[in-house]
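Below: one structure, written as structure tokens.
The values are calculated or read from the model by the stated rules, or taken from the named source; none is laboratory data. Not measured: the values here are computed from a predicted model. Note that each Cβ is placed from the backbone with ideal geometry, even for glycine, and that neighbours are counted across all protein chains shown.
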Ligand code: NAD
């Protein structure tokens, strides 16, 4: 009997529901092609949940996520809720869901499609072959350390503390080694061990764990050097693992190598195989409701879900190949089109990708 996987679907706000809709069509086609079986359960999340339930993350939505094997999320937010108090802001729901589901790592691939190289600000010869993943620690470090103000000798001072413990480092580094094992088996651990004590602990832990993954080639890279090398030789990276703040900055830098926000997928993972999958972009209120958003980031997030949560590698590759073949054939949504008059809408792009899927 086919193993039924439960998917919590949180469309969210703005373009969220429309891009998620196309991703679900792709999932349904892969059910037919690969004999997979999904059960979708929809929940209110973000601004729409504030409007209908008075909170961005209602308990029933959390329950849906907690009984699911994976979550597919669109995007949240919009001008309507921008002036709300903190607890009634859609983004508060994002922090809440990550915390409640124990998601401690954020995974962002940056893959350069040959046919979209001209969308990047870097030269094609630098970009060629770029296919990397940034694994960012999500729940520790300076963003979560103690913060306070005090009166110092020269007036008011502000303090942010950066704290990591061994187990926080260990779990993310193991996850990164395991992801590297499934890819080109190269891992760059990024830190600032020449200056920071948390980085020295990070490096110690990485070195202690590394012998357990003898097939993965490890290098330590200082964060400032990594920022430079990402622009100079991005194709030499495979998996990059780093702490929260360095990862925040480097993942945005890596993302921009590809040139378009409408193409970028992401995953947030915890212990075990459970994961939350979403496009990197937001709810794009400027184009919401017009049917012109690019669904590719969300569709590629499904490929990530298949690979990282379910181990459906063949179906994951089929999705990536379908996206590539549609782009190679010259089809574009407005955000990546040179000739905007020929741009496809959200549904038309989704349909082309579904039609291109094959075993
Ligand atoms: P955004 O990513 O929504 O949009 C930035 C620009 O990129 C806009 O011009 C938009 O039209 C375009 N764009 C984004 N995704 C696109 C797509 N799939 N296809 C075509 N064009 C696309 O960022 P923003 O404008 O800074 O934020 C809008 C709202 O989204 C805010 O309320 C913000 O808080 C929220 N946001 C949510 C998330 C999330 O849900 N994870 C992430 C980022 C921003």
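Would the range 55-74 turn up any residue that is under 19 Å from residue 279 (Cα atoms) and surrounded by fewer than 18 Cβ atoms within 10 Å (Cβ to Cβ)? No, the range 55-74 has no match at all. Listed conditions (1) more than 23 Å from residue 101 (Cβ to Cβ); (2) more than 16 Å from the ligand (Cβ to nearest atom); (3) buried (at least 19 other Cβ atoms within 10 Å of the Cβ) are all met by residue 201, apart from (3). Could you check the range 329-359 and list, in sequence order, the residues that are loosely packed, with under 13 Cβ neighbours inside 10 Å and in contact with a helix residue (DSSP H, G or I) (Cβ under 9 Å, 6 or more places away or on another chain)? Of everything in the range 329-359, those that are loosely packed, with under 13 Cβ neighbours inside 10 Å and in contact with a helix residue (DSSP H, G or I) (Cβ under 9 Å, 6 or more places away or on another chain) turn out to be 329, 330, 338, 340, 355, 358, 359. Only a single criterion out of (1) farther than 19 Å from residue 288 by Cα; (2) assigned to a helix (DSSP H, G or I); (3) touching a strand residue (DSSP E or B) at 6+ places or on another chain (Cβ under 6 Å) is not satisfied by residue 40, namely (2). Pairing each residue of the range 190-205 that is farther than 18 Å from residue 160 by Cβ with any residue that is at pLDDT 95 or above and assigned to a loop (DSSP other than H, G, I, E, B), provided the two are 6+ apart or on different chains, yields C-beta distances under 6 Å for 200/193; 203/193.
Restricting attention to the range 52-84, the residues that are over 24 Å from residue 295 (Cβ atoms), assigned to a helix (DSSP H, G or I) and either within 21 Å of the chain's Cα centre (by Cα) or in the same structural domain as residue 137 (by TED's automatic domain parsing) (or both) add up to 2. Residue 276 falls short on exactly one of the conditions (1) surrounded by fewer than 23 Cβ atoms within 10 Å (Cβ to Cβ); (2) within 13 Å of the ligand (Cβ to nearest atom); (3) within 20 Å of the chain's Cα centre (by Cα), and that condition is (1). The number of residues in the range 85-103 that are outside any helix (DSSP H, G or I), touching a helix residue (DSSP H, G or I) at 6+ places or on another chain (Cβ under 7 Å) and closer than 19 Å to residue 280 by Cβ comes to 1.
Among the residues of the range 218-228, those that are touching a helix residue (DSSP H, G or I) at 6+ places or on another chain (Cβ under 7 Å) and either within 15 Å of residue 130 (Cα to Cα) or in a helix (DSSP H, G or I) (or both) comprise 223, 226, 227.
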